[in-house]
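Here the structure is laid out as structure tokens; the discussion comes afterwards.
Readers should treat all values here as calculations from the given coordinates under stated rules, not as data from a laboratory. All values derive from a computational prediction rather than experimental measurement. For neighbour counting, all protein chains shown are included, and Cβ atoms are generated from backbone atoms with ideal geometry for every residue, glycine included.
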Amino acid sequence: MLEIQALTKRYKSATENALDSVSFSVGDGSFTALLGPNGAGKSTLISVLSGIVKPDAGRIEIDGIPLSFRDRRILSRIGIVPQEIAFDYVFTPEEILSLEFGYFGLRKDKERIRFLLERLSLDEKKNVPIRELSGGMKRRLMIAKALIHRPTLLLLDEPTAGVDPNLRTDLQVFLKELSDDGTSIVLTTHQLEDAEKLCDRILVLERGRLIADETRKDFLVLAGDYLIADIETHSKERVKSVFSANVEYAVEESNAGVRIIFQRKARVDFLRLMANAATEIESFQIHSPSLEDVFKEITGKKENAYARGSY
């Protein structure tokens, strides 16, 4: 589907490459998360794939066709949802989607318009000027606009920003349905729970370089075989003191109380220590690292024992 080889870009005023020889491929029906801290190169990569930015070097192919937005074969394969919302606000959602068919040289398909408006919860606003829509509605209209021509590759840059929680869940379900039906999706997001819930593959950029390319399952074990215990307590210092004396445990405060990070093989010893502090504990939960936990660790953003390599 999408093949990228040695993609490189440096802006004129920069001292480092925004993209530094980035290579990866996206298969048919793959749901891929493109993650990274601010300034990692995610927006540059999406801009290159969208035809907004020209790379300095590298090769991009879609279904074996070199990327060129002058080639109608490429136009018909890609749907793009940029981070910035851009519309002519005098039009209505229905009018915007109707006009989009002409851009792709297609005949207007009323059923396609109806389906997208309903599926993205915009049908009740279809005849309302876009200037009167909320930010979340405008973002969902951007997605409908990108899908009007049934692309096989969908590029999503922060698609759930500004979308309320209920509609965000509906949007997640819809995107998963698209992927299951064979649409390849590349998602950039700071909402890491979206990536964990939706994506089967995780790519991580840092300072323009690709530092991780894993299936979701393999990505979640990159940080090591450890567990996290979140302890709710009315006596943080007492609970911390029980575990801090043992170098095998990373101890930090959390909003609810105390968080303990420890290797999976130390579960029995952990429960023994928990018993020593039982009178100070209101509740606790043990869980495996989330995608966000692993992401923070491999990008060097978390300053505790397991991020420094103890785990």
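Miscellaneous remarks
- Spin-label pair GLN5-GLU124: with each label point 7 Å from Cα along the Cα-Cβ axis, the two points sit 5.2 nm from one another.
- Residues whose placed amide H lies under 5 Å from that of LEU35, excluding near-sequence neighbours: LEU203, VAL204, LEU205
- Cross-link check: pairs LYS42/LYS126; LYS240/LYS265; LYS217/LYS265; LYS138/LYS197 evaluated at a Cα-Cα cut-off of 28 Å; pairs beyond the cut-off: LYS42/LYS126.
- Coil-residue trypsin sites (Lys or Arg not before Pro) of segment 1-67, DSSP, other Cβ within 10 Å capped at 12: LYS12
- For the pair PHE91 and ASP109, the difference between a 0.36 nm per residue extended length and the Cα-Cα distance amounts to 4.7 nm.
- Taking every DSSP helix (H) stretch of at least 4 residues in the chain, weighting each as -39,500 (n - 2.57) and dividing the sum by the residue count yields a mean residue ellipticity at 222 nm of -9000 deg cm²/dmol.
- 15 Å reach of a label modelled at ILE286, 7 Å along Cα-to-Cβ, counting backbone N of segment 217-256: 225-232, 249-250
- Candidate aspartates and glutamates for bridging to LYS296, where Cα separation is under 18 Å - those fewer than 8 sequence places away on the same chain excluded: GLU193, ASP194, GLU196, GLU206, ASP213, GLU214, ASP218, ASP225, ASP230, GLU252, GLU253
- C-alpha center-to-center spacing [segment 10-31, segment 162-192] in angstrom: 22 Å
- For the chain, DSSP calls about 65 percent of its internal beta bridges antiparallel.
- Sorted peptide list for 263-270, 88-95, criterion being average Cβ within 10 angstrom, highest first: 88-95, 263-270
- Segment VAL268-SER241, length gained on full extension (0.36 nm per residue, minus Cα span): 7.9 nm
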